[in-house]
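These notes concern the structure reproduced below.
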Amino acid sequence: MFVFAPSITLDASDPETTVTLGQLFAYLAIGIAAVVLLYYTFIYVSDVLAADVTEAQWYLFAGIGAAIVYAVAGIGTLLLESDTLSLFVDGAVLFFILFFALGIRAMYHAARPGEDRSQLLPAWADYAVIAVFVAAWWGAFLVDTDWTRLVVAAGWVLTSAWAILYAVQTVRVHEGTTLAALTRHLLPAILCVAGVVFVDLLTGALAGYDALADAAWIVGTTLVAAFLFDTAVAIRQQGGELERLYDWTTWREQSLD
């Protein structure tokens, strides 16, 4: 899924070269955006979100890390034409959506001071879900490599639906807070990934639509990079506002006494 590894030939008149360069720049864009988002999430997100979001923060780290793995493995697949690296591309897509869905769910359950938000499932249920996905992904290779596509497709459907459900709930419950704002920034990236996967599955089942798959991948991946970078900018902006709010030098006519 999302794996295209044509030969790298610098022939401007060759359509495959144009597509390959487009894919390369899309991988670079999502990789750079993910690194920037990881940095600002590590520095600011715990201060920006007015709730205990330690669990959500770690899930977001894992999801952003999956995006970085996706970009690095994708670039390696294009340049080296490695089937081994292409497997990491497929897996990174699955775990990108999974961990972002878990992060949004954790933000939904994050209680502000004075609130008591009970969870339908126990805390260990999240770890059980992760274990099931990891076992299903790697177990598919022990049975038949053709099964990996079905595992990714099933995982995409479940995690995308899960992310959308909890994103709507998070915005509804935490409306007016930075939890809702962060969710609004993250969800479009997840929807773009889900859309690209859907087109890939559809064109994989039908013949003669390779150009559509290439175009959807390049546009979709570039949009994901844009949304991730937009999320990073939003977190940095909120963090900067908090720094100015608590910095006495930003207040006029305030003495040192």
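Taken together, the values in this text are just the output of simple stated rules run on the coordinates, not laboratory data. Every value quoted in this text rests on a predicted model; they were computed, and no experiment measured them. Here Cβ is always computed from backbone atoms with ideal geometry, including for glycine, and neighbour counts include all displayed protein chains.
Distance between the C-alpha centres of segment 182-212 and segment 86-109: 15 Å, rounded to the whole angstrom.
Among 57-70, 174-187, the peptide with the highest mean count of other Cβ atoms within 10 Å heads the list, and the full ranking is 57-70, 174-187.
Of the peptides 98-106, 72-80, the order by per-residue mean of other Cβ atoms within 10 Å, starting with the highest, comes out as 98-106, 72-80.
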